[in-house]
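The values are calculated or read from the model by the stated rules, or taken from the named source; none is laboratory data. Note that the structure is a prediction, hence the values are computed from the model and not measured. Note that we place each Cβ from the backbone using ideal geometry, even for glycine, and neighbour counts take in every protein chain shown. Each accessible area value is taken on the protein alone, full model and side chains, heavy atoms only, with ligands, DNA and RNA left out. Shrake-Rupley method; radii C 1.70, N 1.55, O 1.52, S 1.80 Å.
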Amino acid sequence: MLKQGWRWFGPRDPVPLDTVRQAGASEIVTALHDVPIGQAWTRAQVAERKALIETTPAGRTQLSWSVVESIPVPDDVKRLGAGAKASIEAWIASLEAVAAEGIGIVCYNFMPVVDWTRTDLDWPLPTGATALRFEQDRFAAFDLFVLKRPGAEADYDAAGIARAKAVADALSQDEADALSRTIAAGLPGGTTDALDLAAFRDRLAAYGGIDAQRLRAHLIDFLAIVAPVAERLGVRLTLHPDDPPRPLFGLPRVASTEADYAALFAAVPVAANGMCFCTGSLGVRPDNDLAGIATRFGERIHFAHLRATKRDRDGLSFHEADHLDGDVDMVGVMRALLAANAGRPEERGIVFRPDHGHRMLDDLTKPGNPGYTAIGRLKGLAELRGVMRAVAQGA
Ligand code: DNO
(Lines give C-alpha, C1' and ligand atoms only; values in the text may rest on other atoms or scores of the structure.)
Protein backbone atom coordinates (compact mmCIF):
# COMPACT_ATOMS: atom_id res chain seq x y z
CA MET A 1 0.00 0.00 0.00
CA LEU A 2 1.06 3.59 -0.52
CA LYS A 3 1.40 5.73 2.58
CA GLN A 4 -1.40 8.22 3.13
CA GLY A 5 -0.31 11.81 3.59
CA TRP A 6 -1.93 15.17 4.31
CA ARG A 7 -0.64 18.66 3.72
CA TRP A 8 -0.60 20.74 6.85
CA PHE A 9 0.37 24.40 6.86
CA GLY A 10 1.69 24.52 10.41
CA PRO A 11 0.36 25.88 13.68
CA ARG A 12 -1.78 28.52 11.95
CA ASP A 13 -3.52 26.01 9.67
CA PRO A 14 -7.24 26.10 10.52
CA VAL A 15 -7.28 22.33 9.93
CA PRO A 16 -5.78 20.76 13.08
CA LEU A 17 -3.73 17.58 13.37
CA ASP A 18 -6.65 15.63 14.86
CA THR A 19 -8.49 16.14 11.58
CA VAL A 20 -5.60 14.43 9.84
CA ARG A 21 -5.90 11.52 12.25
CA GLN A 22 -9.65 11.27 11.67
CA ALA A 23 -9.13 11.40 7.92
CA GLY A 24 -6.95 8.33 8.28
CA ALA A 25 -3.68 9.83 7.09
CA SER A 26 -0.44 9.29 8.97
CA GLU A 27 2.21 11.17 6.98
CA ILE A 28 2.41 14.92 7.40
CA VAL A 29 3.52 16.99 4.44
CA THR A 30 4.63 20.44 5.48
CA ALA A 31 7.33 23.11 5.40
CA LEU A 32 8.60 25.97 7.52
CA HIS A 33 6.20 28.32 5.75
CA ASP A 34 7.10 31.20 8.05
CA VAL A 35 10.79 31.30 7.05
CA PRO A 36 11.34 33.78 4.20
CA ILE A 37 12.22 32.28 0.81
CA GLY A 38 15.99 31.95 0.44
CA GLN A 39 16.75 31.92 4.15
CA ALA A 40 18.41 28.69 5.35
CA TRP A 41 16.40 26.57 7.80
CA THR A 42 18.22 25.55 10.95
CA ARG A 43 18.12 22.11 12.46
CA ALA A 44 16.59 23.56 15.63
CA GLN A 45 13.69 25.06 13.65
CA VAL A 46 13.03 21.77 11.89
CA ALA A 47 13.29 19.83 15.16
CA GLU A 48 10.81 22.13 16.86
CA ARG A 49 8.24 21.71 14.08
CA LYS A 50 8.81 17.96 14.03
CA ALA A 51 8.18 17.74 17.78
CA LEU A 52 4.94 19.69 17.34
CA ILE A 53 3.76 17.15 14.77
CA GLU A 54 5.08 13.96 16.32
CA THR A 55 4.51 14.48 20.05
CA THR A 56 1.31 12.50 20.32
CA PRO A 57 -1.35 12.95 23.01
CA ALA A 58 -1.95 9.70 24.91
CA GLY A 59 -4.10 7.28 23.00
CA ARG A 60 -4.00 9.20 19.72
CA THR A 61 -2.63 8.04 16.37
CA GLN A 62 1.06 8.73 15.79
CA LEU A 63 1.77 11.11 12.91
CA SER A 64 5.12 11.61 11.29
CA TRP A 65 6.59 14.44 9.25
CA SER A 66 7.62 12.45 6.19
CA VAL A 67 7.70 14.98 3.39
CA VAL A 68 8.92 18.55 3.17
CA GLU A 69 6.81 20.45 0.67
CA SER A 70 8.64 22.64 -0.23
CA ILE A 71 12.09 24.03 0.23
CA PRO A 72 11.47 26.94 -2.14
CA VAL A 73 14.04 27.49 -4.87
CA PRO A 74 14.75 31.24 -4.91
CA ASP A 75 14.22 33.27 -8.04
CA ASP A 76 17.92 33.91 -8.69
CA VAL A 77 18.61 30.17 -9.01
CA LYS A 78 16.03 30.00 -11.79
CA ARG A 79 17.54 33.05 -13.50
CA LEU A 80 21.23 32.32 -12.97
CA GLY A 81 21.65 28.59 -12.35
CA ALA A 82 24.98 27.76 -10.74
CA GLY A 83 25.73 31.50 -10.63
CA ALA A 84 23.30 31.89 -7.72
CA LYS A 85 25.86 30.45 -5.34
CA ALA A 86 24.65 31.86 -2.03
CA SER A 87 21.04 30.81 -2.69
CA ILE A 88 22.07 27.28 -3.56
CA GLU A 89 24.21 27.08 -0.42
CA ALA A 90 21.27 28.21 1.68
CA TRP A 91 19.05 25.61 -0.01
CA ILE A 92 21.57 22.91 0.81
CA ALA A 93 21.75 24.08 4.42
CA SER A 94 17.96 23.63 4.66
CA LEU A 95 18.30 20.18 3.10
CA GLU A 96 20.93 19.24 5.67
CA ALA A 97 18.71 20.44 8.51
CA VAL A 98 15.84 18.34 7.21
CA ALA A 99 18.04 15.27 6.71
CA ALA A 100 19.49 15.62 10.20
CA GLU A 101 15.93 15.30 11.55
CA GLY A 102 15.34 12.14 9.53
CA ILE A 103 12.88 13.48 6.95
CA GLY A 104 13.48 11.57 3.74
CA ILE A 105 11.51 13.29 0.97
CA VAL A 106 11.81 16.90 -0.20
CA CYS A 107 9.51 18.48 -2.81
CA TYR A 108 10.39 21.60 -4.79
CA ASN A 109 9.53 23.19 -8.11
CA PHE A 110 11.25 25.28 -10.75
CA MET A 111 8.42 27.51 -12.01
CA PRO A 112 9.59 31.06 -12.68
CA VAL A 113 7.81 33.91 -10.82
CA VAL A 114 4.49 32.13 -10.20
CA ASP A 115 3.89 28.80 -8.46
CA TRP A 116 0.50 27.10 -9.00
CA THR A 117 -1.91 29.48 -10.65
CA ARG A 118 -5.70 29.74 -10.71
CA THR A 119 -8.16 32.47 -11.68
CA ASP A 120 -11.09 31.40 -9.46
CA LEU A 121 -10.91 30.04 -5.94
CA ASP A 122 -14.62 29.45 -5.32
CA TRP A 123 -16.07 28.40 -8.65
CA PRO A 124 -19.59 27.12 -8.01
CA LEU A 125 -20.29 23.50 -8.89
CA PRO A 126 -23.81 22.21 -9.59
CA THR A 127 -23.76 20.51 -6.17
CA GLY A 128 -23.37 23.78 -4.25
CA ALA A 129 -19.75 23.00 -3.39
CA THR A 130 -17.02 25.16 -4.94
CA ALA A 131 -13.85 24.27 -6.85
CA LEU A 132 -10.61 25.87 -7.96
CA ARG A 133 -10.52 26.85 -11.60
CA PHE A 134 -8.19 28.24 -14.25
CA GLU A 135 -10.04 30.13 -16.94
CA GLN A 136 -7.89 31.06 -19.88
CA ASP A 137 -9.84 34.21 -20.81
CA ARG A 138 -9.73 35.52 -17.24
CA PHE A 139 -6.02 34.80 -17.12
CA ALA A 140 -5.52 36.66 -20.42
CA ALA A 141 -7.68 39.53 -19.14
CA PHE A 142 -5.33 39.86 -16.18
CA ASP A 143 -2.17 39.59 -18.26
CA LEU A 144 -3.27 41.98 -21.02
CA PHE A 145 -5.50 44.53 -19.30
CA VAL A 146 -4.80 44.49 -15.54
CA LEU A 147 -1.08 43.76 -15.41
CA LYS A 148 -0.57 45.25 -18.89
CA ARG A 149 2.56 43.17 -19.44
CA PRO A 150 4.64 44.67 -22.25
CA GLY A 151 4.54 42.38 -25.29
CA ALA A 152 1.74 40.20 -23.90
CA GLU A 153 -0.31 40.54 -27.14
CA ALA A 154 2.19 38.24 -28.87
CA ASP A 155 1.03 35.31 -26.70
CA TYR A 156 -2.66 35.41 -27.70
CA ASP A 157 -4.54 35.31 -31.00
CA ALA A 158 -6.93 38.10 -32.04
CA ALA A 159 -10.03 36.20 -30.93
CA GLY A 160 -8.44 35.44 -27.54
CA ILE A 161 -7.54 39.10 -27.05
CA ALA A 162 -11.10 40.14 -27.90
CA ARG A 163 -12.55 37.65 -25.41
CA ALA A 164 -10.09 38.78 -22.75
CA LYS A 165 -11.07 42.41 -23.38
CA ALA A 166 -14.71 41.56 -22.83
CA VAL A 167 -13.83 39.82 -19.54
CA ALA A 168 -11.65 42.76 -18.42
CA ASP A 169 -14.35 45.32 -19.29
CA ALA A 170 -16.85 43.49 -17.14
CA LEU A 171 -14.57 43.35 -14.04
CA SER A 172 -15.29 45.79 -11.22
CA GLN A 173 -12.24 47.32 -9.53
CA ASP A 174 -12.76 44.96 -6.59
CA GLU A 175 -12.89 41.96 -8.88
CA ALA A 176 -9.75 43.07 -10.72
CA ASP A 177 -7.98 43.48 -7.38
CA ALA A 178 -9.10 40.04 -6.24
CA LEU A 179 -7.87 38.51 -9.51
CA SER A 180 -4.50 40.25 -9.05
CA ARG A 181 -4.21 38.90 -5.53
CA THR A 182 -5.10 35.39 -6.66
CA ILE A 183 -2.52 35.39 -9.43
CA ALA A 184 0.30 37.76 -8.48
CA ALA A 185 0.24 37.38 -4.72
CA GLY A 186 0.06 33.59 -5.02
CA LEU A 187 -1.86 30.79 -3.37
CA PRO A 188 -1.24 28.92 -0.12
CA GLY A 189 1.89 26.86 -0.07
CA GLY A 190 3.26 28.81 -3.01
CA THR A 191 7.01 29.02 -3.22
CA THR A 192 7.31 32.43 -4.82
CA ASP A 193 7.12 35.83 -3.17
CA ALA A 194 3.77 37.62 -2.93
CA LEU A 195 4.18 40.63 -5.18
CA ASP A 196 2.19 43.75 -6.01
CA LEU A 197 1.65 44.49 -9.68
CA ALA A 198 4.67 46.76 -10.13
CA ALA A 199 7.04 44.29 -8.44
CA PHE A 200 5.42 41.45 -10.37
CA ARG A 201 6.09 43.23 -13.69
CA ASP A 202 9.73 43.80 -12.68
CA ARG A 203 10.18 40.18 -11.66
CA LEU A 204 8.82 39.02 -15.04
CA ALA A 205 11.04 41.47 -16.90
CA ALA A 206 14.12 40.11 -15.11
CA TYR A 207 13.63 36.89 -17.11
CA GLY A 208 14.18 38.67 -20.45
CA GLY A 209 16.33 36.41 -22.63
CA ILE A 210 15.71 33.25 -20.61
CA ASP A 211 14.15 30.70 -22.93
CA ALA A 212 13.25 27.08 -22.16
CA GLN A 213 16.72 25.87 -23.04
CA ARG A 214 18.36 28.31 -20.60
CA LEU A 215 15.89 27.58 -17.82
CA ARG A 216 16.42 23.84 -18.29
CA ALA A 217 20.19 24.35 -18.17
CA HIS A 218 19.77 26.26 -14.89
CA LEU A 219 17.66 23.47 -13.41
CA ILE A 220 20.27 20.94 -14.48
CA ASP A 221 23.02 23.10 -12.91
CA PHE A 222 21.01 23.17 -9.69
CA LEU A 223 20.36 19.42 -9.72
CA ALA A 224 23.97 18.58 -10.55
CA ILE A 225 24.91 20.39 -7.33
CA VAL A 226 22.12 19.39 -4.95
CA ALA A 227 21.19 15.84 -6.05
CA PRO A 228 24.56 14.29 -5.04
CA VAL A 229 24.27 16.03 -1.67
CA ALA A 230 20.74 14.66 -1.22
CA GLU A 231 21.97 11.20 -2.20
CA ARG A 232 24.69 11.32 0.43
CA LEU A 233 22.19 12.52 3.06
CA GLY A 234 19.65 9.81 2.18
CA VAL A 235 17.02 12.32 1.05
CA ARG A 236 15.01 11.90 -2.15
CA LEU A 237 14.28 15.08 -4.08
CA THR A 238 10.96 15.31 -5.89
CA LEU A 239 10.40 17.94 -8.56
CA HIS A 240 6.79 19.08 -8.74
CA PRO A 241 5.43 19.63 -12.25
CA ASP A 242 4.41 23.01 -13.60
CA ASP A 243 0.83 23.93 -12.78
CA PRO A 244 -0.63 24.48 -15.32
CA PRO A 245 1.89 22.59 -17.45
CA ARG A 246 2.67 25.23 -20.05
CA PRO A 247 4.39 28.63 -20.26
CA LEU A 248 2.64 31.54 -18.51
CA PHE A 249 3.36 35.27 -18.89
CA GLY A 250 5.74 34.52 -21.77
CA LEU A 251 8.04 32.66 -19.38
CA PRO A 252 9.29 29.16 -20.13
CA ARG A 253 8.38 26.14 -18.01
CA VAL A 254 10.46 22.97 -18.13
CA ALA A 255 8.66 20.39 -15.95
CA SER A 256 5.45 19.99 -17.93
CA THR A 257 5.83 16.78 -19.92
CA GLU A 258 7.32 13.30 -19.82
CA ALA A 259 10.09 14.47 -22.18
CA ASP A 260 10.94 17.32 -19.76
CA TYR A 261 11.46 14.87 -16.90
CA ALA A 262 13.29 12.37 -19.10
CA ALA A 263 15.79 15.10 -20.02
CA LEU A 264 16.42 15.90 -16.34
CA PHE A 265 16.86 12.25 -15.34
CA ALA A 266 19.27 11.71 -18.23
CA ALA A 267 21.28 14.84 -17.41
CA VAL A 268 21.54 14.07 -13.68
CA PRO A 269 21.14 10.31 -13.28
CA VAL A 270 21.72 10.33 -9.50
CA ALA A 271 18.97 8.24 -7.85
CA ALA A 272 18.00 11.09 -5.49
CA ASN A 273 16.87 13.10 -8.55
CA GLY A 274 13.20 12.16 -8.33
CA MET A 275 9.71 13.30 -9.18
CA CYS A 276 6.61 14.45 -7.37
CA PHE A 277 3.94 12.82 -9.49
CA CYS A 278 1.10 15.36 -9.53
CA THR A 279 -1.81 14.03 -11.57
CA GLY A 280 -3.75 17.29 -11.41
CA SER A 281 -0.91 19.35 -12.86
CA LEU A 282 0.32 16.93 -15.52
CA GLY A 283 -3.24 15.86 -16.33
CA VAL A 284 -4.17 19.25 -17.75
CA ARG A 285 -2.28 18.26 -20.92
CA PRO A 286 -4.05 15.60 -22.97
CA ASP A 287 -0.65 14.49 -24.35
CA ASN A 288 0.55 13.43 -20.88
CA ASP A 289 -0.21 9.71 -20.50
CA LEU A 290 -0.37 9.63 -16.72
CA ALA A 291 -0.44 5.88 -16.06
CA GLY A 292 2.33 5.44 -18.64
CA ILE A 293 4.48 8.14 -17.01
CA ALA A 294 3.96 6.56 -13.59
CA THR A 295 5.02 3.19 -15.02
CA ARG A 296 8.05 4.45 -16.92
CA PHE A 297 9.32 6.69 -14.10
CA GLY A 298 8.21 4.38 -11.29
CA GLU A 299 11.55 4.23 -9.55
CA ARG A 300 11.88 8.05 -9.63
CA ILE A 301 8.50 8.62 -7.96
CA HIS A 302 8.57 8.97 -4.17
CA PHE A 303 5.71 11.35 -3.58
CA ALA A 304 2.38 11.74 -5.38
CA HIS A 305 -0.32 14.41 -5.43
CA LEU A 306 -3.55 12.74 -6.49
CA ARG A 307 -6.43 14.79 -7.90
CA ALA A 308 -8.30 15.10 -11.17
CA THR A 309 -8.64 18.16 -13.37
CA LYS A 310 -11.33 18.49 -16.01
CA ARG A 311 -10.48 20.42 -19.17
CA ASP A 312 -12.93 22.74 -20.90
CA ARG A 313 -13.49 22.47 -24.62
CA ASP A 314 -10.90 25.21 -25.30
CA GLY A 315 -8.24 22.77 -24.00
CA LEU A 316 -6.68 25.50 -21.83
CA SER A 317 -9.23 26.21 -19.11
CA PHE A 318 -9.92 23.60 -16.47
CA HIS A 319 -11.45 23.09 -13.06
CA GLU A 320 -10.67 20.67 -10.28
CA ALA A 321 -13.19 17.85 -10.45
CA ASP A 322 -13.93 15.16 -7.84
CA HIS A 323 -10.81 13.08 -7.23
CA LEU A 324 -12.03 10.15 -9.30
CA ASP A 325 -13.64 12.16 -12.09
CA GLY A 326 -12.12 14.64 -14.48
CA ASP A 327 -9.63 13.66 -17.16
CA VAL A 328 -7.38 11.53 -14.95
CA ASP A 329 -7.43 7.72 -15.13
CA MET A 330 -7.00 7.40 -11.38
CA VAL A 331 -7.45 3.61 -11.36
CA GLY A 332 -4.69 3.22 -13.96
CA VAL A 333 -2.47 5.65 -12.06
CA MET A 334 -3.03 3.81 -8.79
CA ARG A 335 -2.20 0.50 -10.44
CA ALA A 336 1.08 1.95 -11.77
CA LEU A 337 1.99 3.54 -8.43
CA LEU A 338 1.31 0.33 -6.51
CA ALA A 339 3.55 -1.54 -8.96
CA ALA A 340 6.27 1.09 -8.51
CA ASN A 341 5.95 0.75 -4.76
CA ALA A 342 6.03 -3.05 -4.68
CA GLY A 343 9.16 -4.45 -3.12
CA ARG A 344 10.35 -1.17 -1.64
CA PRO A 345 11.30 -1.27 2.02
CA GLU A 346 8.58 0.29 4.20
CA GLU A 347 10.66 3.35 5.07
CA ARG A 348 11.18 4.13 1.38
CA GLY A 349 7.57 3.64 0.32
CA ILE A 350 5.71 6.16 -1.86
CA VAL A 351 3.68 8.74 0.04
CA PHE A 352 0.60 10.20 -1.60
CA ARG A 353 -1.68 12.93 -0.45
CA PRO A 354 -5.17 13.83 -1.64
CA ASP A 355 -4.35 17.01 -3.49
CA HIS A 356 -6.79 19.88 -3.06
CA GLY A 357 -10.49 19.26 -2.50
CA HIS A 358 -13.79 20.99 -3.01
CA ARG A 359 -15.03 23.50 -0.50
CA MET A 360 -18.17 21.86 0.77
CA LEU A 361 -20.57 21.35 3.71
CA ASP A 362 -19.47 23.24 6.84
CA ASP A 363 -16.30 24.48 5.14
CA LEU A 364 -18.42 26.74 2.88
CA THR A 365 -18.88 29.12 5.78
CA LYS A 366 -15.46 28.78 7.41
CA PRO A 367 -12.22 30.51 6.59
CA GLY A 368 -9.72 28.11 5.04
CA ASN A 369 -6.85 27.80 2.61
CA PRO A 370 -8.12 27.53 -0.98
CA GLY A 371 -7.93 23.89 -2.05
CA TYR A 372 -6.91 22.79 1.43
CA THR A 373 -10.17 22.67 3.35
CA ALA A 374 -10.74 19.63 5.56
CA ILE A 375 -13.91 18.03 4.27
CA GLY A 376 -13.14 18.07 0.54
CA ARG A 377 -9.77 16.45 1.15
CA LEU A 378 -11.27 13.95 3.59
CA LYS A 379 -13.67 12.91 0.82
CA GLY A 380 -10.86 12.78 -1.74
CA LEU A 381 -8.67 10.66 0.50
CA ALA A 382 -11.53 8.25 1.25
CA GLU A 383 -12.21 7.77 -2.46
CA LEU A 384 -8.52 7.28 -3.26
CA ARG A 385 -8.09 4.82 -0.41
CA GLY A 386 -11.01 2.81 -1.80
CA VAL A 387 -9.36 2.65 -5.23
CA MET A 388 -6.06 1.67 -3.63
CA ARG A 389 -7.61 -1.22 -1.67
CA ALA A 390 -9.52 -2.47 -4.67
CA VAL A 391 -6.54 -2.33 -7.01
CA ALA A 392 -4.25 -3.91 -4.42
CA GLN A 393 -6.67 -6.82 -4.04
CA GLY A 394 -6.75 -7.28 -7.79
CA ALA A 395 -10.39 -6.22 -8.16
C1 DNO B 1 -0.26 23.52 -4.72
C2 DNO B 1 1.01 22.83 -4.62
C3 DNO B 1 2.24 23.63 -5.02
C4 DNO B 1 3.47 22.81 -4.70
C5 DNO B 1 4.76 23.41 -5.11
C6 DNO B 1 5.86 22.41 -4.93
O7 DNO B 1 -1.26 23.10 -4.27
O8 DNO B 1 0.95 21.62 -5.31
O9 DNO B 1 2.29 24.84 -4.35
O10 DNO B 1 3.54 22.65 -3.33
O11 DNO B 1 4.74 23.83 -6.41
O12 DNO B 1 7.08 23.05 -4.78
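Where only protein heavy atoms count, and the probe is 1.4 Å, what is the accessible area per residue for the range 1-67 in Å²? Intermediate results must be reported in sequence, preceding the final value.
Numbers: 3140 Å² over 67 residues.
Counting only protein heavy atoms, the per-residue value for the range 1-67 is 47 Å².
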Can you pull the Kirkwood radius for the range 293-337, inverse mean 1/r over Cα pairs, to one decimal in Å?
11.5
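Only Cα pairs under 8 Å and at least 6 apart count here; give the relative contact order of the chain as a rounded whole percent. Walk me through the numbers before you get to the answer.
Working: 743 pairs, mean separation 68.9, N = 395.
Once normalised by length, the contact order is 17 percent.
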Here FRET efficiency (C-beta to C-beta, residue 395 to residue 181, R₀ 41 Å, nearest 0.05) is 0.35
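Rolling a 1.4 Å sphere over the protein heavy atoms, what is the accessible area per residue of the range 162-258, to the nearest Å²?
On the way: 3980 Å² over 97 residues.
Heavy-atom SASA per residue in the range 162-258 reads 41 Å².
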Taking placed amide H atoms and a strict 5 Å upper bound, the residues 5 or more places from residue 66 or on another chain that come that close are 28
What distance in nm lies between label points placed 7 Å from Cα along the C-beta direction at residue 314 and residue 125?
2.2
Residue by residue, what Karplus-based ³J(HN,Hα) values in Hz, rounded to whole numbers, does the range 26-33 have, using 6.51, -1.76 and 1.60 with θ = phi - 60° and x for Gly and Pro?
10, 9, 8, 10, 7, 8, 7, 5
In sequence order, calculated HN-Hα J values of the range 324-340 (Karplus, 6.51, -1.76, 1.60; Hz; x Gly/Pro):
9, 9, x, 8, 9, 7, 5, 5, x, 5, 4, 4, 5, 5, 5, 5, 5
Can you tell which of 237, 206, 249 lies farthest toward the positive end of the dipole of the range 190-319, using +1 and -1 charges on the Cβ of basic and acidic side chains (Lys, Arg; Asp, Glu)?
237
For the cross-link pairs 3/50; 165/310; 3/366; 3/379, which exceed 27 Å when the distance is taken from alpha carbon to alpha carbon?
3/366
Restricting things to alpha carbons, find the Rg to Rh ratio for the range 259-395 using the Kirkwood radius for Rh.
0.99
Intensity falloff of the range 1-86 expressed as log10 I(q)/I(0), Debye formula with alpha-carbon point scatterers, at q = 0.13, 0.19, 0.24 Å⁻¹
-0.50, -0.87, -1.19
Distance from the Cα centre of the range 95-133 to that of the range 212-232, in angstrom?
22
Under the rule of at least 5 residues apart or a separate chain, name every residue whose amide H is placed under 5 Å from the amide H of residue 355.
306, 307
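When the dipole is taken about the Cα centre of the range 120-202, and only Lys, Arg (+1) and Asp, Glu (-1) are charged at their Cβ, what size is it in debye, to the nearest 20?
On the way: 8 positive and 15 negative charges, 15 e Å.
My answer is approximately 80 debye.
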For the range 151-161, in order, what is each residue's ³J(HN,Hα) by Karplus, 6.51 cos²θ - 1.76 cosθ + 1.60 with θ = phi - 60°, in whole Hz (x at glycine and Pro)?
x, 4, 3, 5, 8, 10, 8, 4, 5, x, 5
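Let me know the Kirkwood hydrodynamic radius for the chain, please, with Cα pairs as the basis and the value in Å to one decimal. Numbers along the way, then the final one.
On the way: mean 1/r = 0.0468 Å⁻¹.
By the Kirkwood definition, the hydrodynamic radius is 21.4 Å.
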Per residue, what volume in Å³ does the Cα convex hull of the range 120-202 take up?
111
Potential lengthening between residue 154 and residue 224 on full extension [0.36 nm per residue; Cα-Cα distance subtracted]:
21.7 nm
Using 0.36 nm per residue of separation minus the Cα-Cα distance, give me the extension gain between residue 361 and residue 212 in nm, one decimal.
49.3 nm
Ignoring ligands and nucleic acids, what accessible area does residue 334 show with a 1.4 Å probe (Å², nearest 10)?
0
Computing the accessible area with a 1.4 Å probe over protein heavy atoms, can you report the carbon and sulfur percentage for the range 26-99?
52
Given a 1.4 Å probe, the accessible area of the range 282-363 per residue, as a whole number of Å², is 41
Using a probe of 1.4 angstrom, how much of the accessible area of the range 120-202 is carbon and sulfur, in percent?
54
Cα lying deepest toward the dipole's positive end in the range 1-89, options 61, 9, 77, charges on Cβ
61
